[in-house]
Amino acid sequence: MADSLTDQDPETGELVPWLATDWSVSDDGLTYTFILRDGVTFSDGTPLNADAVVRTFESALETIQAVPGAYGGVYVAGLEAATAVDDDTVEVSFSTPNSSFLQGTSTTNLAILAPSSYDATPEERCLGDVVGSGPFVLDSYRPGEGIDLSKRDGYDWASDLNDHQGEAYLDAVRINYVAEDSVRVGNLASGASDVAWPRNPFTPEDRTLLESSGATVQSRPLPGVSQSLFANTADGAILADPAVRQALQKAIDRKTYAATIYGADYPVVDGAFNSTTPFFEPQTEALAYDPEGAAEILEDAGWVLEDGEDYREKDGETLTIVRPITAESPGDVLLQDQLKQVGINFELRVYQAAERASIISNGDYDVLVTYYTRAEPSVIQWIIDARYASSKAFASGVATPETAAEIQSLFDEGLTATTAEGQKAAYDALQKVLVDEGVTFPIFERVQYAATAPGVHGFRFTSESFLSYYDIWKSEE
């Protein structure tokens, strides 16, 4: 439906032209200048020009000013103004350098909309009242049910990352939300649908069923923050003890977790970020499974496992790590069993969603599980940097004050760096701190799976592991 100023190569992370044919960055990293493509129109017939781009950035600025923790706020952190230099040139200025901004211009969050879109309220836009310049137009949006798209006549400005130029091959796309995994898989296997797009990875059994029906199963790790435990290190919390954090990191058997829950060929998480994230740096040694080392650390810290007991104690207190959940999963139980092997009681407390939210806001937990998707490492700020996080209370507890200050300094170094080398140095150091200091405890690499029916061609993952329909075409099988 909507296009962006740039596009990002999913293999290299390189940014390529899209609605902007060229761009430049000032030496101080404070000003970005974009040259717009000629001949682009929105689906309401209005032309793409500098004023339209300026209005999109003004809306982004209005959103983060109204909701400081809004998704995508880091993309435009420090944004001061967007100015139309002439019809085809836009200048975007920042108060401080923000090296993540340029990648942000390739995302759907900063996709360029027609000025008429902003006549609608934010609520109306969320319900589909938007006009873009993309290869499809929205026919209907049925919240909780599905989306209907139709081909945009005359579209001819795709980025070079696509396999063709011109109009989309498909006349229409019908997207239906199916909550049950078995129904979704069954629909594709029976020929009732052309693409299956699960929220969670296909099980090994589902993959076997799909492939036996002639479907092609494809996958790509989602860039961004891996599925991880994040600690509560507030004063008095069990994970305020660095020894317990160190032991917890060593007690998680990530290889067994991946193979048991998702299958023998599932990739093993190897860092705070998933492997497709730009500047990803493996933390293999720090994340190695070492139950003996975990036990030794706990013994040295005074957590004793008496003969015949399941869990360690210290000064009459059982070594218990509490995770509030709304429903128990096989992965939760497996992790519980792994931690029990070193004498840690991993207690899963089940709550209603509203009750759990209250518990989190009050800090009455030891660990929470979360993740975030974006093909840029600063995305983790939205979780752990209290200056930008959606939950200030949660972010304030994930690290000790000393570590939090170090993390914020590394974020600032990465975001203000004006060279790739400077960014890499900052983000390499950040990833090491996150694991070594027990800010994040990676559990598994998040992988986006998809299955396509026989006769479906041109499937492509975007840099954020989303599905692009533009190149897809169908043949008779």
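The values are calculated or read from the model by the stated rules, or taken from the named source; none is laboratory data. If you're wondering where the values come from, they're calculated on a predicted model, not measured in any experiment. Heads up, the Cβs are rebuilt from the backbone with ideal geometry, glycines too, and the neighbour counts pull from every protein chain shown.
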Report yes if residue 288 is under 22 Å from residue 429 (Cβ atoms), touching a residue at least 12 places away in the same chain (Cβ under 8 Å) and surrounded by fewer than 18 Cβ atoms within 10 Å (Cβ to Cβ), otherwise no. yes
With the requirement that a residue be assigned to a helix (DSSP H, G or I) and touching a residue at least 40 places away in the same chain (Cβ under 8 Å), what does the range 72-81 give you? 73, 74
Of all residues in the range 94-127 being crowded, with 17+ Cβ neighbours inside 10 Å and of a type in the set (A, V, I, L, M), the one that is farthest from residue 56 (Cα to Cα): 102
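Yes/no per residue for (1) under 15 Å from residue 228 (Cβ atoms); (2) of a type in the set (Gly, Ala, Ser):
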site	(1), (2)
353	no, yes
357	no, yes
365	yes, no
373	yes, no
405	no, yes
423	no, no
427	no, no
438	yes, yes
Of the residues that sit in the range 200-218 and are surrounded by fewer than 18 Cβ atoms within 10 Å (Cβ to Cβ) and not in a helix (DSSP H, G or I), which one is modelled with the lowest pLDDT? 200
Of the residues in the range 228-264, those that are under 30 Å from residue 193 (Cα atoms) and surrounded by fewer than 19 Cβ atoms within 10 Å (Cβ to Cβ) number 4
What are the residues in the range 235-257 that are within 21 Å of residue 325 (Cβ to Cβ), part of a loop (DSSP other than H, G, I, E, B) and over 26 Å from the mean Cα position of the chain (by Cα), if any? 237
Lone qualifier among 52, 66, 20, 2 - being within 23 Å of residue 115 (Cβ to Cβ) and without any contact (Cβ under 8 Å) to a residue 60 or more places away in the chain: 66
Qualifying residue in the range 214-221 (condition: within 26 Å of the chain's Cα centre (by Cα), under 26 Å from residue 254 (Cα atoms) and among the aliphatic types (A, V, I, L, M)): yes
If we scan the range 35-43, do we find a residue that is surrounded by 19 or more Cβ atoms within 10 Å (Cβ to Cβ), under 25 Å from residue 147 (Cα atoms) and either within 27 Å of the chain's Cα centre (by Cα) or of a type in the set (Ser, Thr, Tyr) (or both)? yes
Restricting attention to the range 359-388, which residues are surrounded by 17 or more Cβ atoms within 10 Å (Cβ to Cβ), among the hydrophobic types (A, V, I, L, M, F, W, C) and over 26 Å from residue 282 (Cβ atoms)? 360, 386
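Yes or no: residue 349 of a type outside the set (A, V, I, L, M, F, W, C) and without any contact (Cβ under 8 Å) to a residue 40 or more places away in the chain? Lay out the reasoning, then the answer.
Values: of a type outside the set (A, V, I, L, M, F, W, C): yes; without any contact (Cβ under 8 Å) to a residue 40 or more places away in the chain: yes.
Judged against the criteria, residue 349 is a match.
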For the range 47-68, which positions are in a loop (DSSP other than H, G, I, E, B) and either surrounded by fewer than 15 Cβ atoms within 10 Å (Cβ to Cβ) or of a type in the set (Lys, Arg) (or both)? 67, 68
For residue 175, which of the numbered conditions (1) hydrophobic (A, V, I, L, M, F, W, C); (2) within 22 Å of the chain's Cα centre (by Cα); (3) modelled with pLDDT of 95 or more; (4) crowded, with 18+ Cβ neighbours inside 10 Å fails to hold? (4)
Output the number of the condition that residue 452 fails; it satisfies all remaining conditions of (1) buried (at least 19 other Cβ atoms within 10 Å of the Cβ); (2) assigned by TED's automatic domain parsing to the domain that holds residue 233. (2)
Does residue 350 count as within 30 Å of residue 282 (Cβ to Cβ), surrounded by fewer than 15 Cβ atoms within 10 Å (Cβ to Cβ) and among the β-branched types (Val, Ile, Thr)? no
Please work out which one of (1) surrounded by fewer than 16 Cβ atoms within 10 Å (Cβ to Cβ); (2) part of a loop (DSSP other than H, G, I, E, B) is the condition residue 278 fails and give its number. (1)
Reported set for the range 3-17 where residues are crowded, with 21+ Cβ neighbours inside 10 Å and in a loop (DSSP other than H, G, I, E, B) is 4, 5
Count of residues meeting criterion [of a type in the set (Asp, Glu), at pLDDT 95 or above and in contact with a Ser or Thr (Cβ under 9 Å, 6 or more places away or on another chain)] in the range 421-477: 2
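From the list 225, 217, which one is of a type in the set (A, V, I, L, M), touching a helix residue (DSSP H, G or I) at 6+ places or on another chain (Cβ under 9 Å) and under 25 Å from residue 458 (Cα atoms)? If you could, list the steps in order and put the result at the bottom.
On the way: 225 fails: under 25 Å from residue 458 (Cα atoms).
Exactly one residue qualifies, and that residue is 217.
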Could you check, for the range 142-164, whether at least one of its residues is under 29 Å from residue 52 (Cα atoms), at pLDDT below 95 and loosely packed, with under 12 Cβ neighbours inside 10 Å? yes
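So, in the range 18-43, how many residues would count as being acidic (Asp, Glu) and modelled with pLDDT under 95? Working first, answer last.
Step one: filter the range 18-43 for residues acidic (Asp, Glu), giving 22, 27-28, 38.
Now narrow it down to the ones that are modelled with pLDDT under 95: 27-28.
Matching residues across the range 18-43 total 2.
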